[in-house]
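Note sheet for the following structure.
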Amino acid sequence: MSFDYGSADLSISNPFKLEGALYAVRGAVNTGLGVILLLSARAQVAGEPTPTEIALLVAGILFLSVGLSSLVKGLFKLFRFYVGRNVPANLPRNDQGVDVAKMMRERVNQHFLEPVGLIGRGIHSLFPALLYIPLPLRIIAVRAAHNLFITVFVLALVGLALLSGSIGVIAMPAAATEWLYLLGSASIFLAALANFPYKSTLSDKQLQDGHVGIGGYLILLTILAPVVLSIAQQKSNFAFTSPPVSGGGWLMFFAVASIVASVITLAICILRAREAKPLTEVAERIEHLEAGVHPSDLMRSVEIQLTKHRYLEIPNREYMKMRPDLTWEEGTKRGKFEGMYLVEVQPKPTTPEHATIFKQAQNVSGLAGHALMLVAGIWLFSFLLNNPFENGPAWYEALVLPVSMAMYAKFLAQAAHAFWAEINFVSSLAFLRLEGTFTEAKVATGKSIHDSTLSENTVIQSRLSYYLWVCDAVTSTFAVSGRYNLEQSRWLLAMNKNDALCNELDQEMRRFGAEAQKLASVTSSEDLTNIGNLTSMNHASRQVPGKEQPVAISDEEAAGALAAEVDQ
């Protein structure tokens, strides 16, 4: 949708001001560090560049690219948040609005999808309220739980292998144990890459289970490694050499980082779920009505009444409008009709009263994520500037450590972004369904011998049953920065009864059917004058020449004359 300006806007403030400031600061620092690295590499180049100078040059380009990207992204988030009068997106996923009508009619919420997968069902069993948060947040919660499970599972496998070795079930040398640690570390790292969000765009797809990715193969190797290594040691006397890096240290780092990131993300989702109020209550009227009007007029009366409830004079959203066209029975003046009308009043933005601990948790998570990424960048810059390049495992190990820390910090920041991006709305939904039969009749007046005017109308006498459902829908969407900021999918969180609006629409439809005009009336003063002239002419034409015409007397005079005759 394009941006539609109006002097009365929706008053939705920019939810990304804090995040934009964090991005901009981090981007500016990284850009400065990249410039320093490039200048340092240029100053050292004299003739043929050394490996250290090449490493500084490559690192400077990467720092500069990442820094400029973060700076631009931060400024983009800080710029004005343009909100037109046509946001947010429509509630139905299709053009007909059948899903919304079904949810109102059956009192169900189809946006609360059943969890899938072992871990998904397990985490929803432990924390049932997770079912009632928007789908993008549920996906984040399920994937965090999946990553936590994989981490604990890998640690349990490694622990089981160590226990088997200590009691003599499986003989594993110290070098083989270090390789086992590295396999476990790689499994945890790749599982995190497959599960945690690393993009700002939130998923609008169906609920998914967590992912294992290529880490699944490494987990399988971790399971088989103790047995394979033991057999290789016993049968072939194969001598294992220790890995070039500390496997135990890396396993400890990735396990702690993965558990901390997963627990924090999952805890914020649980705090958000505790505030959910997933009601599916809808006000309902099912009545019979007989009215001498076309059924389309009854539907239009509801439409006009709902127009009076517009928010900021923004047109209501019509998701389904099937006029009750008349279907005639052949050779008769009767038939049947059916019509449906589903409409939503323009959603009004609301600010839910979140618990203080939830607000603090999401803010601390976002601040910690960006702060750790900044610290990792400074750490990496300091290492590259003070340590000449060495083509050895120690140099690469020192390089990977801050990069890995930045990756897990990015996961925390992206999880916080999802909670910052949520925008809530409330709106009224009304669904009207008409069905019944009709007959055609003629109504005439003015056929007296002395009448000079005739009014004859053909009317539709409708006998109908109508079903009216009304509720206040609580919805949310997830904003993004840029042109399509509030045009993402909208999620239904609750349906609350609105008896007042339901009664109002019901009474208006009955009033309109009872008071509808069935005869043509004359309201023009010119027409009234003409009718008066015709009446005078008819009166004069009925007079007989030479015969005295009776003089019209008032009702009071007639009553007095009758009383006098009685007295005599």
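When the stretch 293-306 is examined, which residues are found to be out of contact with any strand residue (DSSP E or B) (no Cβ under 7 Å at 6 or more places or on another chain) and open to solvent by 50 Å² or more (accessible area, probe 1.4 Å)?
Hits for the stretch 293-306 are 300, 304.
Just to check your reading of the model, which residue among 64, 131 is of a type in the set (A, V, I, L, M), within 29 Å of residue 485 (Cα to Cα), in contact with a His (Cβ under 7 Å, 6 or more places away or on another chain) and open to solvent by 40 Å² or more (accessible area, probe 1.4 Å)?
One residue alone meets the criteria, 131.
Name the pairs whose Cβ atoms lie under 8 Å apart, with the first residue in the stretch 436-449 and at pLDDT 75 or above, the second hydrophobic (A, V, I, L, M, F, W, C) and assigned to a loop (DSSP other than H, G, I, E, B), and 6 or more positions between them or separate chains?
438/326
For the stretch 259-292, give me each residue that is open to solvent by less than 30 Å² (accessible area, probe 1.4 Å) and among the polar types (S, T, N, Q).
262, 265
Test residue 92 against the criterion of being open to solvent by less than 60 Å² (accessible area, probe 1.4 Å), within 19 Å of residue 469 (Cα to Cα) and either in contact with a helix residue (DSSP H, G or I) (Cβ under 6 Å, 6 or more places away or on another chain) or part of a loop (DSSP other than H, G, I, E, B) (or both), and give yes or no.
Taking the combined requirement at face value, the residue satisfies it.
Being closer than 20 Å to residue 104 by Cβ, touching a residue at least 24 places away in the same chain (Cβ under 8 Å) and under 30 Å from the mean Cα position of the chain (by Cα) is true for just one of 287, 318, 313. Which residue is that?
The unique qualifying residue is 318.
How many of the residues making up the stretch 368-419 are within 30 Å of residue 350 (Cβ to Cβ) and in contact with a Leu (Cβ under 7 Å, 6 or more places away or on another chain)?
4
Can you tell me which residue among 41, 59, 55 is closer than 19 Å to residue 378 by Cα, open to solvent by less than 30 Å² (accessible area, probe 1.4 Å) and free of Cβ contacts under 8 Å to residues at least 40 places away in the same chain?
Sole residue among the options that is closer than 19 Å to residue 378 by Cα, open to solvent by less than 30 Å² (accessible area, probe 1.4 Å) and free of Cβ contacts under 8 Å to residues at least 40 places away in the same chain: 41.
Being under 28 Å from residue 314 (Cα atoms), modelled with pLDDT of 90 or more and hydrophobic (A, V, I, L, M, F, W, C) is the requirement here; does residue 101 meet it?
yes
Does the stretch 329-350 include one or more residues that are among the acidic types (Asp, Glu) and either buried (at least 16 other Cβ atoms within 10 Å of the Cβ) or at pLDDT 90 or above (or both)?
The answer is yes; a qualifying residue exists.
Within the stretch 389-434, take every residue that is open to solvent by 10 Å² or more (accessible area, probe 1.4 Å) and part of a strand (DSSP E or B) and give me the one that is farthest from residue 70 (Cα to Cα).
Restricting to residues being open to solvent by 10 Å² or more (accessible area, probe 1.4 Å) and part of a strand (DSSP E or B), the top hit is 433.
Inside the stretch 348-366, can you point out the residues that are assigned to a strand (DSSP E or B) and hydroxyl-bearing (Ser, Thr, Tyr)?
Scanning the stretch 348-366 gives a single hit, 350.
Could we say that residue 144 is closer than 29 Å to residue 425 by Cβ and at pLDDT 85 or above here?
yes
Go through the residues of the stretch 14-26 one by one and say whether even a single one is surrounded by 20 or more Cβ atoms within 10 Å (Cβ to Cβ), at pLDDT 90 or above and farther than 30 Å from residue 349 by Cα.
Checked the stretch 14-26: at least one residue is surrounded by 20 or more Cβ atoms within 10 Å (Cβ to Cβ), at pLDDT 90 or above and farther than 30 Å from residue 349 by Cα.
Against the condition at pLDDT below 95, open to solvent by 50 Å² or more (accessible area, probe 1.4 Å) and either of a type in the set (Ser, Thr, Tyr) or not in a helix (DSSP H, G or I) (or both), how does residue 230 come out, does it pass?
no
Are there any pairs with C-beta distances below 6 angstrom linking a residue in the stretch 483-498 that is in contact (Cβ under 8 Å) with a residue 12 or more places away in the chain and of a type outside the set (S, T, N, Q) to a residue that is assigned to a loop (DSSP other than H, G, I, E, B) and open to solvent by less than 10 Å² (accessible area, probe 1.4 Å), with the two at least 6 apart or on different chains, and if so which?
Taking only residues 6 or more apart or on different chains, the pairs are 486/87; 486/88; 486/479; 490/88; 490/91; 491/134; 495/282.
Report, by residue number, each residue of the stretch 405-435 that is in contact (Cβ under 8 Å) with a residue 40 or more places away in the chain, closer than 22 Å to residue 185 by Cβ and in contact with a helix residue (DSSP H, G or I) (Cβ under 7 Å, 6 or more places away or on another chain).
405, 408, 409, 410, 411, 412
Here are some conditions: (1) of a type in the set (Asp, Glu); (2) crowded, with 17+ Cβ neighbours inside 10 Å; (3) part of a loop (DSSP other than H, G, I, E, B). Residue 313 meets all but one. Which one does it not meet?
(2)
So which residues in the stretch 239-258 are part of a helix (DSSP H, G or I) and either acidic (Asp, Glu) or open to solvent by less than 60 Å² (accessible area, probe 1.4 Å) (or both), if there are any at all?
Scanning the stretch 239-258 gives 247, 248, 249, 250, 251, 253, 254, 255, 257, 258.
The values are calculated or read from the model by the stated rules, or taken from the named source; none is laboratory data. Keep in mind the model is a prediction, meaning the values are calculated, not measured. Cβ atoms come from the backbone with ideal geometry, glycine included; neighbour counts cover every protein chain shown. Heads up: the accessible areas ignore ligands, DNA and RNA and are worked out on the full protein's heavy atoms, side chains in. Shrake-Rupley method; radii C 1.70, N 1.55, O 1.52, S 1.80 Å.
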